[in-house]
Amino acid sequence: MTTISTDICQYLTLPALNQEKLLVRSEPFSFLVARNLLPRDSIHELQEHFPKLRGAGYLPYEKEDCGESINQLIDEMTSTEFANAIGDHLGVEELAQYPTYISISRSLKKRHGNIHTDGKSKIATALLYLNTDWPTTSDGCLRFLKSIDNYEDTVVPEIKPEYGTLAAFKRADNSFHGHLPYQGERLVIQVAWLVSAKDKARKAKRGRFAHKLKALLGKLGGKSDAVTT
């Protein structure tokens, strides 16, 4: 098991990745769920520095759009130690050797959340949620699923997108996940480890195009679909 140096961490409470309450499964696909990964006294700072994104769904991470604490947090999430610790739990050796693609979501529309597996360019994905609380509803709560056509066929109880909760999974042909429709603010940082640098360049190009398209459609009152997790 990878040992994570606390020297790299200002925000991530990394011992939570090794706590007894950590949920780790290898069937029907490899995933983990960790809670309380962020200190409570950093809530205001992290939310204040979260980018004021225009458009719903995931948009490519732009350092200049974020405040210092969010940039530091993303540095921690993309560190070698953090990646390899996640990989140890998911059965991916030396996950840090793979290029990363970071995207951020501030809000959702009702059309988001369809069940999917992620594309084959992804090896693994980590999602860190930053909402301070969540309504007493299942809407917008991440579900790991046994099939692509049934939101109720869950592998484990749904995961509320609450502050400090991390969900990560290894991409597979059956890594089904999604959530019930929700409209409103839902703060998420997503780190994906990709098969190759070519895949990263392709995703970055597509992400920039999607960003521009969403901004344009927002001005025109239209909509652009985006897969969300």
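Assorted remarks:
- Extension reserve of the LEU22-LYS120 stretch, reckoned as 0.36 nm per residue once the Cα distance is removed: 32.6 nm
- Simple spin-label estimate for GLU162 and VAL195 gives 3.8 nm between the two label positions (7 Å along the Cα-to-Cβ direction from each Cα).
- Kirkwood-based Rg to Rh ratio, the stretch 1-139, C-alpha trace: 0.94
- Bins of 10 Å, starting at 0 and running to the largest distance - Cα pair percent for the stretch 15-54: 23, 32, 29, 15
- Pairwise label distance in nanometres, ASN150 with THR132, each label 7 Å out on the Cα-Cβ vector: 4.0
- When the pairs LYS52/LYS200; LYS110/LYS146; LYS63/LYS198; LYS21/LYS198; LYS63/LYS122; LYS21/LYS146 are compared against a 29 Å limit on Cα-Cα distance, LYS21/LYS198 fall above it.
- Charged neighbours of GLY140, selected by a Cβ distance under 15 Å, balance to +2 (K, R count +1; D, E count -1).
- Near PRO51, once Lys and Arg are set to +1 and Asp and Glu to -1 for all other residues with Cβ below 13 Å from its Cβ, the sum equals -2.
- Solvent-accessible surface (1.4 angstrom probe) belonging to ILE189, in square angstrom, nearest 10: 0
- Once you reduce the stretch 61-76 and the stretch 115-177 to the center of their Cα atoms, the two points are 23 Å from each other.
- Each peptide in 111-121, 16-26, 176-186 was scored by the mean count of other Cβ atoms within 10 Å over its residues; highest first, the order is 176-186, 111-121, 16-26.
- Protection proxy ranking for 55-61, 43-49, using the average of other Cβ atoms within 10 Å per residue and placing the highest first: 55-61, 43-49.
- The alpha-carbon atoms of the stretch 123-169 define a convex hull whose volume equals 81 cubic angstrom per residue.
- Computed P(r) (all Cα pairs; the stretch 84-211; 5 Å bins; percent): 2, 10, 18, 23, 22, 16, 8, 1, 0
The values are calculated or read from the model by the stated rules, or taken from the named source; none is laboratory data. Everything quoted here is computed from the prediction, not taken from an experiment. Cβ: placed from backbone, ideal geometry, glycine included. Neighbour counts: every protein chain shown. Note: areas computed on protein heavy atoms with side chains; ligands, DNA, RNA excluded. Shrake-Rupley method; radii C 1.70, N 1.55, O 1.52, S 1.80 Å.
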